Amino acid sequence: MVQDISREPSGPEGAPQAWIERFEQPLVACSSGSLSGLRFAVKDNIDVLGWPTTAACAEFAYRPRAHATVVQQLLDAGASLVGKTNLDQFACGLSGTRSPHGAVPNAFNADYVSGGSSSGSAYVVATGQVDFALGTDTAGSGRVPAGLNNIVGIKPSRGLLSTRGVLPAMRSVDCVSILARTVAMAARVLQVAQGAQGADAHDPYARTLQLSHTPFGSRFRFGLPEPLEFFGDRAAQAAFSEAVQRLTALGGVAVAIDYRPLAQAAALLYESALVTERYAALRAFFDSHEGQVIEPVRSIIAKGRSFSAADLCAAQTQLRACAQQAGAMWASIDVLLVPTAPTHYRIAAMQADPVALNRNLGYYTNFVNLLDYAAIAVPSSIRADGLPFGITLIGPCGSDWPLAELGQRYHHASKLLQGALQWPLPAPQALTGISPAAPQAPPPDSAPRMKIAVVGAHLSGMPLNAQLGARGARLLQATSTAPNYRLYALRGSTPPKPGLRRVPEGGSAIALEVWEMPQAQVGSFLALIAPPLGLGQVELADGSWVTGFICEGHALEAAQDITAHGGWRAYLAACEPA
């Protein structure tokens, strides 16, 4: 239920840009049902009887003859519809800045993007104006705004929810998405939106799917992309390292996966003939009203004209090849963990470079529908700069309910507040799509493990820490060396790294962390360590010895002695501008 907002929403005048139409009286179909008393909004590329569908283009507007199937199902379940929300025009974008109605600001800081294309729906959920909202998701439009506004975004398996009455972006991969402040609320809406009659016979892409109802349990394997990309955003990188540790604490075992096939599939979305489907969805209107479509949406859609049918066949074959390569990862993992968005941009920066920065926001989302996966975006943390950071859990088609169950466990472990409000999370709820049998206790971890001491770029929150998480390493303790070492800042290393050296006298204790890694993963970890660094024996403060990072002596001759700082983290903090 909607409560009184405990603080004013961010943005000018409560961000009126979030709404295209806010009804004077909510639409109500019945007074009882499983969603009775809940208020919701829909993105304005979804049909609502009696109101124009504009897709943020007034010249395109039409009046539908019926509610979209999913809207009708929610109304029949007792929910009341309060309005239609702003979006990146024609659902083409991930930033929330591509609308003639204005950019929808972030719910936490109005200078930053909200994420799109379901920007308005995410904002009104995050600020408590509705209980949930519908968006759409073709390339991440229901996940990126969830991640950037500290809310939940369910991207169902393709064909699970009817898209009849939804203006196509790319009809073959479009999904209706669900945005809410908790997983339990989003899952409750998903249960209703599925309908009780099976696949919608009037939707050519609807499917009858075999859904899994078995949770991942208290022991599961999660994939970590390698290499990871954050586009220089150290706050996002640190937040993701924290996320890996939290998922590990929930029983996850990290497994490194090759991200290249997924990245190649994602690139095909806009950089191949697949973009012709965006043009095909709007062809009649676009050919006669091209000038009414704003940039860069106009250029993206127009690009679809330049490809032939043969080009499209070739792109589809490339996509199938990517799917074959990527599909191999499911033999070694149960779920894939990625940042929902690898970074967060200011609105001004996005408007100055709208194509490249928008592409960056979709780095971890664009491949999901193309490869027929399910996904849920859940909040993870609030960064040091006050901006939200979220993660996305991805599974094979039909894994929607196990993803929701794990997503709820993860979200509640974060102990975050709801959206941009001061409301604590309610107690976790049983999900109707999950079998009631309790997950079995985890088996004992009998695999041999090795302790490894790290002093620099592999520390928690540092740029290379994910290399540890990707190999199932877990943090044992933060301690220091024996007082027999000196620490140096190496020249020309990327990312910056220190070198540790044991000395016969004049040494000091240096802060470090001791991690424990499966021995089977040590070889691949060692292969990542470039000279002059290597692994050797390091004495700890308690007199014990463990394997740890050491440095060849010749590299220290021109290096800066930073021993006085007591550790790498303290040295970096001292280098930060005041």
#### Entry: Solvent-accessible area per residue for the chain (1.4 angstrom probe, square angstrom)
39 Å²
#### Entry: Sum of side-chain charges, LYS303 neighbourhood, beta-carbon under 13 Å (Lys, Arg +1; Asp, Glu -1)
-2
### Query
By how many degrees, 0 to 90 and rounded to 10, does the Cα axis of helix 183-193 deviate from the longest principal axis of the chain?
30 degrees
### Query
Can you tell me the Rg and the Dmax, both Å, for the Cα atoms in region 94-162?
11.4, 36
### Task
With everything on Cα atoms, drop me the angle between helix 276-289 and the longest principal axis of the chain, reported from 0 to 90° to the nearest 10.
50 degrees
## Note on the structure
Once LEU211, LEU35 are ranked on solvent-accessible area with the largest value leading and a 1.4 Å probe, the list reads LEU211, LEU35
### Message
Using C-alpha positions alone, give me the convex hull volume of region 508-578 per residue in cubic angstrom.
### Response
133 Å³
### Förster-model FRET efficiency, 30 Å R0, ALA413 and ALA527, C-beta, rounded to 0.05
0.40
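Using a cut-off of 15 Å between beta-carbons, work out the net charge of the residues near ALA314 (Lys and Arg +1, Asp and Glu -1, ALA314 not included). Before the final figure, lay out each step's value.
Values: positive: ARG320; negative: GLU271, GLU277, ASP311.
Neighbour charge sum, excluding ALA314 itself: -2.
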### Task
Take the solvent-accessible surface of the protein heavy atoms, probe 1.4 Å, and return the percent of it on the chain that carbon and sulfur atoms account for.
53 percent
### Task
Would you list the P(r) distribution for the chain, with all Cα-Cα distances sorted into 10 Å bins from 0 and each bin expressed as a whole %?
3, 18, 27, 24, 15, 8, 4, 1, 0
#### Entry: Summed side-chain charge close to ARG181 - residues other than ARG181 whose Cβ falls under 14 Å, Lys, Arg +1, Asp, Glu -1
+1
#### Entry: Two-site label geometry, CYS575 and GLU557: point separation in nm, points 7 Å out along Cα→Cβ
2.3 nm
#### Entry: region 16-117 - Rg and Dmax from Cα coordinates, angstrom
14.2, 41
### Message
Need one number: nm distance between label points at VAL355 and GLN316, each 7 Å from Cα along Cα→Cβ, rounded to one decimal.
### Response
2.7 nm
### Query
So for the pair ALA61, ALA309, with labels modelled 7 Å out along Cα→Cβ, what separation do we get in nm?
3.8 nm
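The values are calculated or read from the model by the stated rules, or taken from the named source; none is laboratory data. Remember, predicted model here, so these are calculated numbers, not experimental data. Every residue, glycine as well, gets a Cβ built from its backbone with ideal geometry; the counts of neighbours run over all protein chains shown. In case anyone asks, the SASA skips ligands and DNA or RNA and just uses the protein heavy atoms, side chains included. Shrake-Rupley method; radii C 1.70, N 1.55, O 1.52, S 1.80 Å.
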